[in-house]
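Nothing in this text is a laboratory measurement; each read-out follows from the coordinates by a stated rule. As the structure is a prediction and not an experimental result, all values here were calculated from the model. No Cβ is skipped: glycine too gets one built from the backbone with ideal geometry, and neighbour counts run over all protein chains shown.
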Ligand code: F6R
């Protein structure tokens, strides 16, 4: 696992964009097709803005990309502005020319969410591996919407959000906790582990404890993001605030300062 400690959230956005760009261009170069996994929430927004800028100003092409969302609220009607499918359309995929037909997510408006979860897991298996998966982390250590206690081997399924996550996300619903759905569909931790490269981005003091537990704590379902420790290719991109509780911060800075020129992310 590489931990990249950077001065500002904008720096973090650029590194995450680099990692996505590397997977997209190498995948498209090899086969003309590539699967990219996308998180929603605030953490990846600067990376998405940077990808949009590169698409607009530098000709970064997304033709041949299929995008797959990590999770979705259960019960929001299709087209609801806070459904993750709408959020990603607004924040990234429209602006980089990805047709909604190649942007996939679990169907949170399905009459049978349990069946919708199984369908999405099958769709991910059929589509083949995700080359790069962008991730955020919850203040309680959740990954996707795998709340503490989630099986480290879990697959896509329905989960119940903790009250902490509902209140953290109330800001997207005009501050109204009651408007935040109680249930979600989320890729499981085992599902996420199948991606080729996991890129987790976290900024701000509120993530510091969860981030330290995920990176330096024991592998435990109590901190779902600690499952990253099992994956062979993980890049954790954090600003100084989110990294402020890392005991090995100095070592991470040292590694970054001495990175080989062609080492990549
Ligand atoms: C979103 C997701 C969540 C968020 C996490 C952090 O698709 O899977 O795990 O990444 O809740 O949210 P923000 O970035 O809003 O702090």
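Sequence gap at least 6, Cα distance under 8 Å: using those rules, report the relative contact order of the chain to the nearest whole percent.
This gives 24 percent for the chain.
Would you mind telling me the antiparallel percentage of the DSSP bridges in the range 134-265, rounded to 5?
45 percent
In the calculated pair distance distribution of the range 9-69, what percentage of Cα-Cα distances lie above 20 Å?
Across the range 9-69, Cα pairs with separations above 20 Å total 20 percent.
For the chain, what does the helix formula give at 222 nm: sum of -39500 (n - 2.57) over DSSP H segments with n ≥ 4, over the residue count, nearest 500 deg cm²/dmol?
So the helix-based figure for the chain works out to -10000 deg cm²/dmol.
Arranged by the count of other C-beta atoms within 10 angstrom, fewest first, what order do 207, 259, 159 take?
259, 159, 207
When 73, 120 are ordered from fewest to most other Cβ atoms inside 10 Å of their Cβ, what list results?
Ordered by Cβ neighbours within 10 Å, fewest first: 73, 120.
May I ask you to give the average projected area over all directions of the convex hull of the Cα atoms of the range 17-141, in nm² rounded to one decimal?
Averaging across all directions leaves 7.9 nm² for the Cα convex hull.
Which value, in Å to one decimal place, does the Kirkwood hydrodynamic radius take for the chain when every pair of different Cα atoms is included?
18.4 Å
How high is the FRET efficiency between residue 139 and residue 49 when r is their beta carbon distance and R₀ equals 30 Å, given to the nearest 0.05?
0.85
Along the Cα→Cβ direction, 7 angstrom out, place labels at residue 172 and residue 248. What is the inter-label distance in nm?
About 3.1 nm separates the two model spin labels.
Could you give the nm distance between label points at residue 126 and residue 25, where each point is 7 Å from its Cα heading toward the beta carbon?
Result for the modelled spin labels: 3.3 nm.
What nm distance separates the two modelled labels at residue 256 and residue 10, each placed 7 Å from Cα along Cα→Cβ?
Placing both labels 7 Å beyond Cα along the Cβ direction yields 1.6 nm.
How long is the gain from residue 42 to residue 233 if the chain were fully straight, where each residue apart is worth 0.36 nm and the alpha carbon distance is subtracted?
Additional length available on full extension: 66.4 nm.
For the range 166-231, what's the radius of gyration and Dmax over Cα atoms, in angstrom?
For the range 166-231, the Cα-based Rg and Dmax read 14.2, 37 Å.
Can you tell me what share of the DSSP beta bridges in the chain is antiparallel? A percent to the nearest 5 is fine.
Of the beta bridges lying entirely in the chain, close to 30 percent run antiparallel.
In µm²/s, what is D for the range 119-242 at 20 °C and 1.002 mPa s, where D = kT/(6 pi eta Rh) by Stokes-Einstein and Rh is the Kirkwood radius from Cα pairs?
144 µm²/s
Return 104, 251, 258 ranked ascending by Cβ neighbour count within 10 Å, so the fewest neighbours appear first.
Fewest-to-most ranking of 104, 251, 258: 258, 251, 104.
How big, on average over all directions, is the shadow cast by the Cα convex hull of the range 126-189, in nm²?
5.1 nm²
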